[in-house]
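Notes for the one structure printed next.
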């Protein structure tokens, strides 16, 4: 998609700018309505599309960066979280009520929001249960360690908010870019058709506009 858009922007840039700067081309196209004013208007459409393409690329890059950081933070938080989940499963292997309370049964949730909620509940409920803390302390688990694990989960939650924001901005930028490109595509298609008509006796001028006719 981006390759096709970049190609359109390049061709339109060549055609419009050379039509404006080459007197023979402008002289032959002007009678067909492509005056300097109309070409300048076309250049404005092109510039708008170019600017929105640059913005879309920027926003997509920021979204990718936020996604990578989200994955990195979750990987770190998940590794530590699962260490404590494993210890809890061993500690409370004969206490189904604790499994429910800490949500340590079955597979972990797949969505980020679900993962965060599940991990938060584990840490909060475990630290709030004095008797349970006494039992897990036998395996080296302390309140300080659990608080540090919860802090990592909260970092994931903050990063998820950033990623969600960047995703929305990227989607908005893509929509605006696509709309601008559609307008440019229509304008440039008409421009090419008229250029072929106006310059049919001077095919070399078509090449100046970047319009290559099949031999």
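Every number in this text was worked out from the coordinates using simple rules, so none of it is lab data. Bear in mind the structure is a predicted one, so any value in this text is a computation, not a measurement. Cβ atoms come from the backbone with ideal geometry, glycine included; neighbour counts cover every protein chain shown.
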Between residue 71 and residue 54, how many nm apart are label points set 7 Å from Cα along the C-beta direction?
2.9
Compute the length gained on full extension between residue 138 and residue 108: take 0.36 nm times their separation in residues and subtract their Cα-Cα distance, giving the result in nm to one decimal.
8.3 nm
How much mean residue ellipticity at 222 nm does the chain get from its helices, if each DSSP H run of length 4 or more adds -39500 (n - 2.57) and you divide by all residues, to the nearest 500 deg cm²/dmol?
-28500 deg cm²/dmol
Modelling each spin label as a point 7 Å along the Cα-to-Cβ direction, I'd like the residue 38/residue 212 distance in nm, to one decimal.
2.7
Relative to the first principal axis of the alpha-carbon coordinates of the chain, what is the inclination of helix 143-198, with its axis defined by its Cα atoms, in degrees from 0 to 90 and to the nearest 10?
10
First measure r as the distance between the Cβ atoms of residue 79 and residue 124, then evaluate 1/(1 + (r/R0)^6) with R0 = 22 Å and state the FRET efficiency to the nearest 0.05.
0.70
Extension gain residue 154-residue 117, at 0.36 nm per residue separation less the Cα-Cα distance, in nm?
12.3 nm
Efficiency of FRET from Cβ geometry, residue 178 and residue 90, R₀ 45 Å, rounded to 0.05
0.25
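Quote the FRET efficiency, to the nearest 0.05, computed for residue 196 versus residue 6 with a Förster distance R0 of 25 Å and r equal to the Cβ-Cβ distance.
E between residue 196 and residue 6, to the nearest 0.05, is 0.60.
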Rounded to the nearest 10, the angle in degrees between the Cα long axis of helix 112-128 and the longest principal axis of the Cα atoms of the chain comes to 20
Looking at the P(r) of the chain, how many percent of alpha-carbon pairs lie beyond 22 Å?
65
Rounded to the nearest 10, the angle in degrees between the Cα long axis of helix 36-91 and the longest principal axis of the Cα atoms of the chain comes to 10
